[in-house]
1. Can you tell me what percent of all Cα-Cα pairs in the stretch 32-177 are more than 28 Å apart?
2. For the stretch 81-96, just list the computed ³J(HN,Hα) in residue order, Karplus coefficients 6.51, -1.76 and 1.60, θ = phi - 60°, integers in Hz, with x standing in for Gly and Pro.
3. Evaluate E = 1/(1 + (r/R0)^6) for LEU53 and GLU127, where r is the Cβ-Cβ distance and R0 equals 45 Å; express this FRET efficiency to the nearest 0.05.
4. What nm distance separates the two modelled labels at ILE191 and CYS46, each placed 7 Å from Cα along Cα→Cβ?
5. Modelling each spin label as a point 7 Å along the Cα-to-Cβ direction, I'd like the ILE34/GLN92 distance in nm, to one decimal.
6. For the stretch 170-181, in order, what is each residue's ³J(HN,Hα) by Karplus, 6.51 cos²θ - 1.76 cosθ + 1.60 with θ = phi - 60°, in whole Hz (x at glycine and Pro)?
7. Could you check the spin-label model distance between ASN171 and ARG150? Points 7 Å from the Cα along Cα→Cβ, value in nm.
8. Starting from the exponent 0.38 and prefactor 2.2 Å, build the expected Rg for the stretch 53-128 from its residue count and divide its actual Cα Rg by it.
Amino acid sequence: MKTRKTTSVWIRRHTDLRRLGGVRSGYSLITVLINMTILSSLLGTCGVCLHTLFRLDHKERVTSQMLVSLRRMEQQLREDCGRGTISSDGGQWRIHGAVDDEVIVWSESRGLVQREFFAGGEPKQRERFVFPAGTRVEFSDPGEGSAVVRVREGSVFVRYPEAGDGGAVRNKPESVALPSAPAGMAKAGEIEIQLQHAVEANGDSA
């Protein structure tokens, strides 16, 4: 009798296990599609947020670089102008100091401004001021008792190729490194540094 009861119980358990194993589990095709749609929407939203953050970070970095370089250059220019007179030489400025053998040369190329100090005809010091890619710096011809440096910012509608220091790429053609802004767009901002009573038109002391 015990053997029959044991066998009967085992058969029932085995049958119950088979029934439980026959129950299907998982996700339907509709559920999978809904989950994929939600996931795609979340990924798209995250992508837009990251892109916006990168753009804001880039804009803040460019603005910071512009302000730092502009402040340093203006301070150095005013200090140099107090040491002598300015003359223009092919888009460059040559500042002749009170001492005959001292000359300071300011030049620009693709937003990279360079200051060179010469004494006795020999270079003694060289300094660079790197402006953001797309920036133009112009050393105007000295006028009567004044000289002007114009700093033209790049267009907000153009993404300029950048070098490692944030300035314009040096090893590419100018048309690639400094592409033109689309026609009809607003002009970029311009900053002027005016140095009053620093020079005469002929380079004599004011």
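1. The answer is 38 percent, as a whole percent.
2. 5, x, 9, x, 10, 10, 10, 9, 9, x, x, 9, 10, 10, 9, 8
3. Working: r = 34 Å, r/R0 = 0.76.
It comes out at approximately 0.85.
4. Simple spin-label model gives 3.9 nm for this pair.
5. 7.4
6. Residue by residue, the stretch 170-181 yields 8, 9, 10, x, 4, 5, 8, 6, 10, x, 6, 6 Hz.
7. With each label point 7 Å from Cα toward Cβ, the separation is 3.3 nm.
8. Values: Rg = 15.4 Å, N = 76, 2.2 N^0.38 = 11.4 Å.
Output field value: 1.35.
Readers should treat all values here as calculations from the given coordinates under stated rules, not as data from a laboratory. Everything numeric here is computed off the predicted structure, so don't read it as measured data. All Cβ positions, glycine included, derive from the backbone under ideal geometry; neighbour counts span all protein chains shown.
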